[in-house]
Amino acid sequence: FERVSRKLGSAMKSVGEVMSIGRTFEEAIQKALRMVTDNYASGFEPGIIQYSEEEMERPTDQRLLSIASGLEGGLTVDELHNLSNIDNWF
């Protein structure tokens, strides 16, 4: 879908949703990431999407991959939390 906005919000009628089952949270999130993006197969991997603060402030389908790049670039969990409001547990 080339003309569709990648921005996600509560007013959207349809969003990309996945269900994955794993023995651990890490396994389940890896499966989910592989399902929503077809340009890679490894899961939570830095370097696929470049880190940007804009990705942290607005939810998109690429946000988790941007977080992976941010962590690789030296950002801390607390810095990412302050920008994204994603709970530190995740």
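Every number here is computed from the coordinates shown, using simple stated rules; none is lab data. Just so you know, these numbers come straight off a predicted model, no measurement behind them. Don't worry about glycine lacking a Cβ; one is built from the backbone with ideal geometry, like all the others, and counts go over all protein chains shown.
Ranked by the mean number of other Cβ atoms within 10 Å of their residues, highest first, the peptides 48-59, 19-30 come out as 48-59, 19-30.
Projected label points at residue 45 and residue 75, each 7 Å from Cα along the beta carbon direction, are separated by 2.0 nanometres.
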